[in-house]
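Computed from the coordinates by the stated procedures, all read-outs in this text should not be read as laboratory data. None of the values given here were measured: they were computed from a predicted structure. All Cβ positions, glycine included, derive from the backbone under ideal geometry; neighbour counts span all protein chains shown.
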Amino acid sequence: MVGIKRRTFLKTLVGSATAVALPSLQSVIAQTEYPVGNSRLSIISDGHLVLPAEFIQPPNISAKDFNALKPELNLKENLYQPDCNITLWKSGDRNVLFDVGAGENFMDSTGRLLSNLEAAGISAEDVTDVVISHAHPDHLWGLVDDFDELVFYNAEHHVHQIEWDYWWSDSAINDMPDSRKVFALGAKTRFAYLEDTVRLFRDGEEFIPGVQAIFTPGHTPGHCSFRVYQQNASAVIVGDALLHPLLAFSPNQWLSGSDQNPLQAQNTRKRLLDQLSQDNSPLVGYHLPYPGLGYAEKRGKAAYDFVPIKS
Ligand SMILES: [Zn+2]
């Protein structure tokens, strides 16, 4: 795309006057850096979600037992408030962004990606690739700005073939409960901006040098995780395949109420956790406590501990 973006132009035009007039953002941590060979992962916060605790109630547990578990699950005031951790991978001349956050109109507590990227010295035009893990609002709705333009306008946009096909299909809306039909409409509306330019990839494909797709379905039909590697080092960006630091890491014990297909997601978690612990691979979880970086350490037969990497 040629020429200056309207967003950039307006920002330049009004300059610091706008910055002063805007309400101050809630305090968020701008970034955490982690090396992968000579490349770097930066974890940039998009803020956090505010949801009722029942959002993550496992379908295989009674309301009474779930209530008793709430303190251990860190569900204060009956709310589930997970962080939203967006990974930026800087390798050579590429800046690869994994998911684009919720945008400015989803929740008051989200939509911090652009300001935090800027605080980290990265502007939207510097992003060379955008990779989408799945099409839920908190991962995709930041794709387009208020001027109906792609926020990361210089970037190639990459989506898994199955996720792309699913959200275009009639069943995406028809199968969705009423409370979530807006997810399907929102996904279709955003995908429409990519219709002519999207790069579709498949399971196992190295679709960007050093980025390989690991198909992890269940949370959505085409949910995908990603291994990034450089020299002999690697890390896995797991998106929403591992949602909660306790529930998700005990895959034999718990199903997750927020997964579209809980049984498929449970199998995915077993496979993924087994691989991550065997490889002793660092992982980044989108909703694990910021920055969401850590290891899956095997504790028993099929349970794991999330061991955060201290930054
Ligand atoms: Zn999410």
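Things worth noting here:
- Taking each DSSP H run with n ≥ 4 as -39500 (n - 2.57) and averaging over every residue of the chain yields -6500 deg cm²/dmol at 222 nm.
- For the residue pairs LYS64/LYS188; LYS70/LYS310; LYS70/LYS298; LYS188/LYS310; LYS181/LYS301; LYS76/LYS310, the C-alpha atoms sit more than 29 angstrom apart in LYS64/LYS188; LYS188/LYS310; LYS181/LYS301.
- Gap separating the Cα centres of region 204-223 and region 157-180, nearest whole Å: 16 Å
- Computed log₁₀ I(q)/I(0) - Debye formula, equal Cα scatterers, no solvent, region 184-311, q 0.11 Å⁻¹: -0.40
- Mean shadow area of region 265-311 over all directions, Cα convex hull, nm²: 3.3 nm²
- Gain on full extension, evaluated as 0.36 nm per residue between ASN154 and GLU72 minus their Cα-Cα distance, stands at 25.1 nm.
- Inter-centroid distance (Cα atoms) of region 44-92 relative to region 224-242, Å: 21 Å
- When the charge dipole of region 163-311 is built from unit charges on Cβ atoms (+1 for Lys and Arg, -1 for Asp and Glu) and taken about the Cα centre, the candidate among PRO217, LEU194, PHE183 whose Cα reaches farthest toward its positive end is PRO217.
- In this Cβ point-charge picture (+1 for Lys and Arg, -1 for Asp and Glu), region 175-311 has a dipole of about 260 debye about its Cα centre.
- Karplus (6.51, -1.76, 1.60) ³J(HN,Hα), θ = phi - 60°, over region 102-114, in Hz, Gly and Pro reported as x: 8, x, 8, 10, 8, 9, 4, 8, 10, x, 9, 4, 5
- Note: relative contact order over the chain, using C-alpha pairs below 8 Å and six or more positions apart, is 16 percent.
- Averaging 1/r over each pair of different alpha-carbon atoms in the chain and inverting the result gives 19.9 Å, the Kirkwood hydrodynamic radius.
- DSSP beta bridges fully contained in the chain are about 75 percent antiparallel.
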